[in-house]
Amino acid sequence: MERVLIVISLFIFLLSGCQYADKDVIVASDRLLNLHEKRQIPSEFYGHNVRYPIKTSSSRSFIEISEWFDEHTVLYLKDEEGIARLLKHNVTNGDEQGFFQTEEAISNVTANHDYSYYAIETVTRDYDVSLYLIDRDGFIRYQIQELGEDYSVFWNPYQPEELVVVSFLPNWESQLYYVNVANGQISPIELDQTFIQWLDINRLGYLHWDQDEPSYFSSLFSYDMKTNQKVLVEEDILSFFSFPNHNYLIIDVDSIDELMSTYTFFKENETIRQIEVPILNTYSEQWWVPYFTFDQMNSIFYYLRPFYSGNYVDYEDGFELVALDIRSGDEEVIIEVENDAPLKLSPDGESMLYGYQYEHLIDLNGNQMVDLFVQSNRF
C-alpha cells in the first residue's frame, strides 16, 4: 500500500495543479542478452514441499504482505477482530512469529534500506493518524502524532536512522520534517514539496513545476539540508527517482506524442546508461510509468515492460519483468506477468514480491513465480 505517487495501483504523475485520437502501436525491441552468470540457486527453491506459503481462511479477516524482514522472511498484515497484527513468516521453513500489533488500523509499512527500522502508519476509528518508527525487535523507538492527516516516508539510504516525513495537512497543504530515530530529533524542512528523493547523505532531489503554466514537464532541483541551497539539476523532464550508491534515473520524452519514453541512468551526475520503454498512454493529465525496483548490490534495475506502446485502458497483453544491468547495459527477461503491479526486491536480491498485495514470490534465479497465500483447508 505504498502511496508515493501511486494512483489506481500504478505510478502516475499528475500536473502541478494536482501535484503529483488513437495512436499506432510500436513493438518493444527484442533486447534479450545474457545479464550475468547465473548465481547458484539455493536448495530451498527446489520442490514445492520446502516452500511454506501463508495459510489463509475463509473468514472475514484482512490479510496482505507488507514488507521484507530478511531474505527468507516477510512481514504480513492480518486484521482480525479489531486487532491489526504484523507477523513474521519464513517462506522456507514456515516459522511464524508476532512482530507488532495495535488496536489501530495499519495503513502502511515501509522498511529502511538495511531493514533495521520500519515506519508503520496507523489510523484510529476517529481518523487520527500516527506514525510509529520501530526497530527489528518490534520496539517503538519514535512516534509521530498530530502532525498531519496522512504521512509519506522517505528513508535515507546513506544513514539508516534518518528519514524525511511528509505530513499532509488540511486544505492541500503539507510540511516536511527531518527525523533521526536514534536520537529522537525532529525538525521542519523549509521545502514546499510532497515527493522527494535522497541524492546523497545531505541532499534531497525534487521536481518543481511552473504553477503558471501547467505541464507534464518539470525541472529537477537538489536541496542541501545543511546549507538550504537549491541547485537546478535538469530541465524539462517527466520524472526522476534516486537509488542508493549515488544512482538516479530521469524519465523523459521528446514530446507527449512519442511512443517510447527515455530512461537515463546517472551515477554521481554522469550518464551511465540509456534505454527506451514503450509508453501506455492514458490520454489524460496523468502520465504512466511502469512499476520497478532496484538491486543496489548488483546495480540491476528491474521493471515491467509492456510488449508495445498503446492505450493504457485497452492494453491487455501482459508485461515482461526485465532485469537491466545499468553498468553493462545487458538485459534479461525474467518472467512474463499479467499485470503492471508493485514489486519489492528481497534484501539479498535473490527473489521479489509481486502483486497488489505482494501475494506472489518471483524466484529471480529459477525464473518462476509461486503464490504466497493458500487456503488453509488445502493443508
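Bear in mind these aren't lab numbers, they're just calculated from the coordinates by the rules spelled out. Given the structure is predicted, the values throughout are model-derived calculations rather than measurements. Neighbour counts run over all protein chains shown; Cβ positions are idealised from the backbone, glycine included.
Summary of values
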read-out: Pairs beyond 30 Å (Cα-Cα), from Lys267/Lys344; Lys226/Lys267; Lys78/Lys344; Lys88/Lys230; Lys88/Lys267; value: Lys88/Lys230; Lys88/Lys267
read-out: Total charge dipole magnitude, region 157-268, about the Cα centre, Cβ charges on Lys, Arg, Asp, Glu only, Debye to nearest 20; value: 620 debye
read-out: Burial ranking of peptide ranges 340-346, 127-133 (average Cβ count within 10 Å, highest at the top); value: 340-346, 127-133
read-out: Sorted peptide list for 357-364, 332-339, 247-254, criterion being average Cβ within 10 angstrom, highest first; value: 357-364, 247-254, 332-339
